[in-house]
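First comes the structure, then the notes that go with it.
The values are calculated or read from the model by the stated rules, or taken from the named source; none is laboratory data. Quick caveat: nothing in here was measured; it's all calculated off a predicted structure. Note that we place each Cβ from the backbone using ideal geometry, even for glycine, and neighbour counts take in every protein chain shown.
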Amino acid sequence: MRRRDAITADLFAVPVEAPRLPGALDYGLAVRRLLANAVKASPLNVSEIAAQMAEFVGAPVTAHQVHAWTAPSREAWRFPLEYLPAFEAAAETHMLTAWLAEVRGGRLSIGREALHAELGRLERQRDEAGRRIRVLKQAMGEGSE
């Protein structure tokens with residue numbers, strides 16, 4: 001009997017936006033956990049991530065700040081959104097961007113996956129245009145040529 005993989009997302013599942021209920025979009029703790037998981041999964045340590053972030057944004061970023069952004073008990077320390085690209089580049093992840101896309105009802109595609117998605121979209125447009133052309137030709141009495 002095959003075991004169900006609970007970790008890998010279903011590639012064909014349609015992403016659904018998070019519900020818009022009071023308090024349902026309070027993601028402070030979730031963001032801190034995602035940041036912490038990205039730091040743990042990174043090949044760099046917190047000091048190295050902070051140093052690279054500082055270089056990328058051109059402003060001081062310390063290991064203390066990164067620790068504060070990831071600590072569940074430090075609610076007052078909010079991660080600045082404008083640092084997200086620098087954090088993900090330094091930590092070598094797309095974890096937060098993928099999570100945000102999922103929360104908003106989307107899915108993140110990067111690299112070849114993004115190219116395949118665009119190719120599929122263009123091929124669907126081409127096929128639909130071909131069907132419409134055939135319908136118009138039939139309506140004009142030209143039949144299929």
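Things worth noting here:
- From the list Ala50, Ala59, Ala6, the lone residue that is modelled with pLDDT of 95 or more and either surrounded by 14 or more Cβ atoms within 10 Å (Cβ to Cβ) or not assigned by TED's automatic domain parsing to the domain that holds Leu96 (or both) is Ala50.
- Region 81-145 holds no helices (runs of 4 or more DSSP H) entirely within its bounds that carry 3 or more residues that are of a type in the set (Ser, Thr, Tyr) and on the phi < 0 side of the Ramachandran plot.
- Considering region 62-77, the residues that are aliphatic (A, V, I, L, M) and outside any helix (DSSP H, G or I) include one that is nearest to Lys40 (Cα to Cα), namely Ala71.
- Top-ranked residue in region 78-93 [being surrounded by 15 or more Cβ atoms within 10 Å (Cβ to Cβ) and of a type outside the set (Gly, Ala, Ser); ranked as nearest to Ala41 (Cα to Cα)]: Thr93
- Verdict on Arg74 being among the basic types (Lys, Arg), without any contact (Cβ under 8 Å) to a residue 60 or more places away in the chain and not assigned by TED's automatic domain parsing to the domain that holds Ser42: no
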